[in-house]
Amino acid sequence: MSFIPSINTLALSIFFDLKTDAKNLGVKVEKLPNGSTVIDATAGNYLVGAKVGEICMGGLGKVKLTSMLVGDVYLPAVNVYTGNPVIACMGSQYAGWQVKLKDEKGGKSWKSMSSGPARAKARVEKELYDRINYEDAAQCAVTVFETGTAPTVEVMDYVAKKCNVDPKDTHAIWAPTKSFVGSVQVSARVVETAIHKIFEVSLQKGFKIEDKIRAGQGIAPIAPLAKDDLKAMGRTNDAILAGGNVNLTVDVPKEDEDKLWDVMASVPSSTAKGYGEPFYNAFKAVEFDFYKIDPGIFAPALVVVNNVQTGKAKIFGKLDASLLKKSFFD
């Protein structure tokens, strides 16, 4: 790659847009005593959710609001696209860093998964960043927390230290899953879930493909808001695993095309053990223990793959309107 983008710098520009228009967008901006800036997006609307999705992608993707037909009903949806899917999705959007702090005074601990470009500064997931050969030289850090509890000064100090930046150059935006922003930004992960599943499957099959993915586009419905985060987690996951439709453009030599199709055949969510029930039901059945869920289910329902070297395109998986309706409306 001749040009190496700074995902924290790009995301910071979007963050500042939200900060500037905070009043109109219904978000609250707080400057903490250490100089860091935190945006509470709990009351944000669909548009804020789309912008948070773009921050998650490190400014290397676009998230547009649209609608899609699910069976016989139209639902709000997101249309996501990126020309730099590996860095945008795995280098930034993937929620791969757990930020956790204990209260030394005996109070409650604070924890949340961190999504967004700050991960590339912290490099807690060193193996992943070595694999994609990416690092960000920016002197700022931008993170997104999917949580219902505001990050504290201690949390932001911790993030700054891990990212090796000054606290005043550390920025976070947060919202619970059950909010508009939570629902939209999770659906905006539709391409990311495909890329992540490909990473896992290609590693198992011994066929490196991350440097061959040229572009990604996806559409997924936006789940109706639920009364609590666990129910919201169920619906938002189903939005992708039952309603997510991803298109990937790859550049694979003809002699390796059979290996490509073999990897892609294992990507759709329907290939995972336990597929077929609303996610919340399956999650509840294992007492809400993520480690007892087949991780292969965190993938889009359908993936279309176009190999530009041969011009061939194939479809893997299928949309599941009945499962989606059962999750959203039953």
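The values are calculated or read from the model by the stated rules, or taken from the named source; none is laboratory data. Just so you know, these numbers come straight off a predicted model, no measurement behind them. A quick note on method: Cβ atoms are made from the backbone with ideal geometry, for glycine too, and the neighbour counts reach across all protein chains shown.
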Where Trp97 falls short, out of the listed (1) touching a helix residue (DSSP H, G or I) at 6+ places or on another chain (Cβ under 6 Å); (2) modelled with pLDDT under 95: (2)
Output for region 194-224, where each listed residue is among the basic types (Lys, Arg) and touching a Lys or Arg at 6+ places or on another chain (Cβ under 8 Å): Lys205
Leading residue by the ranking (nearest to Asp330 (Cα to Cα)) among those in region 232-287 that are β-branched (Val, Ile, Thr) and in a helix (DSSP H, G or I): Thr236
Residues that are acidic (Asp, Glu) and surrounded by 15 or more Cβ atoms within 10 Å (Cβ to Cβ), drawn from region 131-153: Asp136, Glu146
Number of the condition not met by Glu30 [criteria: (1) exposed (fewer than 14 other Cβ atoms within 10 Å of the Cβ); (2) part of a helix (DSSP H, G or I); (3) of a type in the set (Asp, Glu)]: (2)
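Yes/no matrix, rows are residues, columns are (1) in a helix (DSSP H, G or I); (2) farther than 30 Å from Ser322 by Cβ:
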{"residue": "Tyr81", "(1), (2)": "no, no"}
{"residue": "Gly91", "(1), (2)": "yes, yes"}
{"residue": "Lys108", "(1), (2)": "no, yes"}
{"residue": "Asp136", "(1), (2)": "no, yes"}
{"residue": "Phe145", "(1), (2)": "no, yes"}
{"residue": "Thr177", "(1), (2)": "no, no"}
Conditions (1) of a type outside the set (Asp, Glu); (2) under 20 Å from Ile173 (Cα atoms); (3) not assigned by TED's automatic domain parsing to the domain that holds Leu47; number of the one not met by Pro85: (2)
Scope region 288-318; condition part of a loop (DSSP other than H, G, I, E, B) and either surrounded by fewer than 20 Cβ atoms within 10 Å (Cβ to Cβ) or not assigned by TED's automatic domain parsing to the domain that holds Ala226 (or both); matching residues: Phe288, Asp289, Ile293, Asp294, Val308, Gln309, Thr310, Gly311, Lys312, Lys318
Test: Leu128 is touching a strand residue (DSSP E or B) at 6+ places or on another chain (Cβ under 7 Å), closer than 22 Å to Thr193 by Cβ and at pLDDT 95 or above: no
